[in-house]
1. Using only alpha carbons, build the gyration tensor for the range 155-198 and give me the equivalent ellipsoid semi-axes, biggest first, whole Å.
2. Kirkwood hydrodynamic radius, the range 128-211, all distinct C-alpha pairs: what's the number in Å?
3. From the phi angles alone, apply the Karplus equation (6.51, -1.76, 1.60; θ = phi - 60°) to the range 165-178 and give each ³J(HN,Hα) in whole Hz, x where the residue is Gly or Pro.
4. Mind ordering 159-167, 79-87 by average Cβ neighbours within 10 Å, highest first?
5. With no solvent and one equal point scatterer placed on each C-alpha of the range 127-174, evaluate the Debye formula and give log10 I(q)/I(0) for q = 0.14 Å⁻¹, two decimals.
6. Residue-wise, which Karplus ³J(HN,Hα) couplings in Hz belong to the range 75-87, taking 6.51 cos²θ - 1.76 cosθ + 1.60, θ = phi - 60°, and x for glycine or proline?
Amino acid sequence: MVAGRGGGAAISEIKSSPRGVPRAKRPPDRRCEDLRGCLAGGARSDGGAGRDLPFLETVGGGGHHGGMASWQEIEKEIPDLAARVLALMGERKHKTMATLRRDGSPRISGIEVEFKDGEVWLGSMAGAVKGRDLKRDPRVAIHGTSDDPDESDPGAWGGDAKLAGTAVEITDPAVLERFGGPPEAGSDLFRVDVTEVVLTKVDAAGEHLVVEMWHEGEGHRVVRRK
């Protein structure tokens, strides 16, 4: 249930959720806050050098080209990876969310995330700093917590999942009301337009770290590290 609207309906109880606002555009000044520059081993826009990690596999085509993606669009493009990420995200109620403070430094917050009606939804209680962060700078990353690997069998570890994108504040009273309103309660509702999905695990032999990712415009890729 999205936090902040006491006594309201959980997202899972809502049959249809109008978007309320159009798909977000890519925010400016995207440096190397995602994994692709570091994992690809290329130069980063901030002048630093990424790790020299070879891409051993490239899966699929060039990825989604219509701007940031809804979760439904990601499920259509990479159904297997999306299903595994969704399963990992669903193992724990509470996730970790990264936002940016006013001075640009990172902030980590606990968050509940709902995947419903083909979208990713976040809720924030009235006046919460994480909600204020997202209104000021909508860039966001979410990490689903996971169990510790079994040192005797690291290949059995399920891995962990991350996604990143842009949070879009929903202000349409009709949409807010469907999420438990009334709007004057002051809570915030955000939809995440996704730009990146990452699943990290260990291979069956327990010898390589496997990073499987989808990135807006770049498709599905797999990186193996030893």
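1. On the way: eigenvalues 201, 33, 10 Å².
Over the Cα atoms of the range 155-198, the ellipsoid semi-axes are 32, 13, 7 Å.
2. Numbers: mean 1/r = 0.0648 Å⁻¹.
Averaging 1/r across every pair of different Cα atoms and inverting gives 15.4 Å.
3. x, 10, 7, 10, 5, 9, 10, 5, x, 5, 5, 4, 4, 5
4. Highest-to-lowest ranking by the protection proxy: 159-167, 79-87.
5. Log10 I(q)/I(0), no solvent term: -0.56.
6. 4, 6, 7, 9, x, 5, 5, 4, 5, 5, 5, 4, 5
Throughout, read-outs are computed from the coordinates displayed, never taken from laboratory work. Since this is a predicted model, take the numbers as computed values, not measurements. With ideal geometry, Cβ positions are generated from the backbone for all residues, glycine too; neighbour counts draw on all protein chains shown.
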